[in-house]
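Some notes on the structure that comes next.
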């Protein structure tokens, strides 16, 4: 099956499973994928690419800009790499510290942000704890101009679908709760959740952004 075939199948599932298919953005996670595979995905209709390594992404985009493509940084962002992220990406899916928020807010380069929430409860995962989210959002008032558009979360790695569903439902409920804190710059319409192994459940729970790698490209290249 080609990447075009895989993309077509995923889009069919989006239409079948999502309560709002017209809002779902399919992000092709292209880390460790070469430019040839990325070109084929773009030719098949992909308009969003996701990367989690700043330098790898910068090297790719310096070779080919992919005009018309929206770029998403989905990895952990270190504060000393904020400028490079700003120069290479349109979205950040992993905002989780006030320091990072301040650096982005003071930049003249626009970057749309999602707050990462630790919905798995696993200490090995990064992100704001669910019970601390409202306090964190309130603190962002000290960062005027910071453009927040929603939440991002990663479900626990398990074959128990009920556990995965509860994690995604939690993220949806947290976003709804945060709407009472919305301002001109802070909005909670976007839910970035669902990867190759669990995107179908994420769709049913209201995902608006899917971060999918191997289900589009096949196994990663070394």
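The values are calculated or read from the model by the stated rules, or taken from the named source; none is laboratory data. Because the structure is a prediction, the values reported are computed rather than measured. As a convention, Cβ positions derive from the backbone with ideal geometry for all residues, glycine included, and neighbour counts pool all protein chains shown.
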**Asked** Checking residue 160 against (1) at pLDDT 95 or above; (2) buried (at least 17 other Cβ atoms within 10 Å of the Cβ), which single condition isn't satisfied?
**Response** (2)
**Prompt:** Of the numbered conditions (1) crowded, with 19+ Cβ neighbours inside 10 Å; (2) without any contact (Cβ under 8 Å) to a residue 40 or more places away in the chain; (3) touching a helix residue (DSSP H, G or I) at 6+ places or on another chain (Cβ under 7 Å), residue 40 satisfies every one except a single condition; which is it?
**Reply:** (1)
**Prompt:** Of everything in the range 120-135 that's free of Cβ contacts under 8 Å to residues at least 40 places away in the same chain and surrounded by 15 or more Cβ atoms within 10 Å (Cβ to Cβ), which residue is farthest from residue 96 (Cα to Cα)?
**Reply:** 125
**Complete:** Out of (1) part of a loop (DSSP other than H, G, I, E, B); (2) surrounded by 21 or more Cβ atoms within 10 Å (Cβ to Cβ), the one residue 140 does not meet is (1)
**Request:** Being in a loop (DSSP other than H, G, I, E, B) and touching a strand residue (DSSP E or B) at 6+ places or on another chain (Cβ under 6 Å) is the filter; apply it to the range 207-222 and report the residue that is farthest from residue 153 (Cα to Cα).
**Result:** 213
**Condition met for residue 50 (within 23 Å of residue 203 (Cβ to Cβ) and over 14 Å from the mean Cα position of the chain (by Cα))** = no
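If you go through the range 103-114, how many residues are out of contact with any helix residue (DSSP H, G or I) (no Cβ under 7 Å at 6 or more places or on another chain) and surrounded by 16 or more Cβ atoms within 10 Å (Cβ to Cβ)? Write out each step before concluding.
Within the range 103-114, the first condition is being out of contact with any helix residue (DSSP H, G or I) (no Cβ under 7 Å at 6 or more places or on another chain), and the residues that meet it are 105-106, 108, 110, 112, 114.
Those left that are additionally surrounded by 16 or more Cβ atoms within 10 Å (Cβ to Cβ): 105, 112, 114.
Of the residues in that region, 3 qualify.
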**Inter-residue pairs, beta-carbon under 8 Å, first under 13 Å from residue 203 (Cα atoms) and in the range 159-179, second exposed (fewer than 12 other Cβ atoms within 10 Å of the Cβ), 6+ apart** = none
**Prompt:** What are the pairs, 6+ residues apart or on separate chains, where a residue within the range 60-84 that is in contact (Cβ under 8 Å) with a residue 12 or more places away in the chain and on the phi > 0 side of the Ramachandran plot has its Cβ under 7 Å from a residue that is surrounded by 12 or more Cβ atoms within 10 Å (Cβ to Cβ) and part of a loop (DSSP other than H, G, I, E, B)?
**Reply:** 68/47
**Item:** Lone qualifier among 23, 8 - being exposed (fewer than 15 other Cβ atoms within 10 Å of the Cβ), over 28 Å from residue 124 (Cβ atoms), modelled with pLDDT of 95 or more and out of contact with any helix residue (DSSP H, G or I) (no Cβ under 8 Å at 6 or more places or on another chain)
**Value:** 8
**Asked** How many residues, within the range 150-194, are part of a helix (DSSP H, G or I) and in contact with a helix residue (DSSP H, G or I) (Cβ under 8 Å, 6 or more places away or on another chain)?
**Response** 9
**Subset of the range 49-70 (residues that are crowded, with 20+ Cβ neighbours inside 10 Å and under 22 Å from residue 193 (Cβ atoms))** = 49, 50, 51, 52, 57
